[in-house]
Amino acid sequence: MKQKISNLKLEKRRYDLKEKVSLVEKFQLWRNKPIQKIIGYIIMADVKIDLSKKVLIPRYETEELIYQTIDFIEENQYKEILDLCCGSGFIGIALKKFFNEINVCQSDIDKNAIKQTIINLKLNNIQNDVIQSNMFENINKKFDLIVSNPPYLSEKEISLISKSVLKFEPHKALFAKNNGLEFYEIIEKNLNKYLKKNGMIILEINPDNEKWFLNNGYNLIKDINGKKRIAFKKKDWIS
Ligand SMILES: C[S@@+](CC[C@H](N)C(=O)[O-])C[C@H]1O[C@@H](n2cnc3c(N)ncnc32)[C@H](O)[C@@H]1O
């Protein structure tokens, strides 16, 4: 408990908030509520992300995915971007904030994610298209770049996940069938249909699935912890 209290104080300090931890907050910590949910928002990649709905709390690995995606957009002058499985809206909002001239479409199956993305677009004064869709079902155009951080934990990893994550973040934001590959397999099948010529796919991945991505022609990039966390390929390379 002491550790949790000092973590909350540290996070408050990061945001210039009063460090005092109230009784209500102590109770929330005791119930394993994540500190980001207690504070109610996070600030990463220059965007503020409200977390009042039940959505995945953006992770530092995803911030790295955003910075890598920014590099690719700049290098290739991409204009039409799809943020597939957008959750809180973190990725697509950060990209649009960085490049005002791009068009970003954000989609998710979950109505809470759609509501949260709309809240966060307003909060950051950003306009993106938002579509509720089971993967590509309601997506009707091609993109220069598709970026996605889909659910990628396999059900057998459930025992390794903390109580706090299981209780406060949606199961369907975390877990995927086929050893965590379910959504990547859907993306792979649809790349030709939804990517323009010279288009690019960039994904956050579970490092344990490295082989599958290499076998499917992806290049891998390590995260700050030395784990292969980002996979990408250009449409040219897709056989
Ligand atoms: C790991 S979270 C990522 C959220 C956000 N992109 C981020 O990085 O913080 C995965 C998201 O995929 C969504 N999702 C799960 N199944 C889906 C499906 N069949 N079609 C579209 N989105 C789905 C979940 O609702 C969740 O918001």
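The values are calculated or read from the model by the stated rules, or taken from the named source; none is laboratory data. Keep in mind that what you see is a predicted model, and the values were worked out from it rather than measured. No Cβ is skipped: glycine too gets one built from the backbone with ideal geometry, and neighbour counts run over all protein chains shown. Surface areas here come from the heavy atoms of the whole protein model, side chains and all, with no ligands, DNA or RNA. Shrake-Rupley method; radii C 1.70, N 1.55, O 1.52, S 1.80 Å.
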inquiry  = Every residue in segment 87-125 that is aliphatic (A, V, I, L, M), more than 10 Å from the ligand (Cβ to nearest atom) and free of Cβ contacts under 8 Å to residues at least 40 places away in the same chain, please.
reply    = 102, 104, 118, 121
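Does segment 180-199 hold any residues that are of a type outside the set (Lys, Arg) and within 15 Å of the ligand (Cβ to nearest atom), and which are they? Show your work before the answer.
In the first step, residues of segment 180-199 are kept if they are of a type outside the set (Lys, Arg); the result is 180-188, 190-192, 194-195, 198-199.
Scanning segment 180-199 gives 180, 181, 182, 183, 184, 185, 186, 187, 188, 190, 194.
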query = What is the one condition in (1) open to solvent by 10 Å² or more (accessible area, probe 1.4 Å); (2) more than 17 Å from the chain's Cα centre (by Cα); (3) within 13 Å of the ligand (Cβ to nearest atom) that residue 80 does not satisfy?
reply = (3)
key: Top-ranked residue in segment 143-179 [being near the ligand (Cβ under 8 Å from one of its atoms) and either outside the structural domain of residue 218 (by TED's automatic domain parsing) or assigned to a helix (DSSP H, G or I) (or both); ranked as surrounded by the most Cβ atoms within 10 Å (Cβ to Cβ)]   = 173
request  = Look at segment 201-229 and say how many of its residues are touching a Ser or Thr at 6+ places or on another chain (Cβ under 9 Å) and either part of a strand (DSSP E or B) or surrounded by fewer than 15 Cβ atoms within 10 Å (Cβ to Cβ) (or both).
outcome  = 5
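Quick check, is residue 107 among the hydroxyl-bearing types (Ser, Thr, Tyr), assigned to a strand (DSSP E or B) and out of contact with any helix residue (DSSP H, G or I) (no Cβ under 6 Å at 6 or more places or on another chain)?
yes
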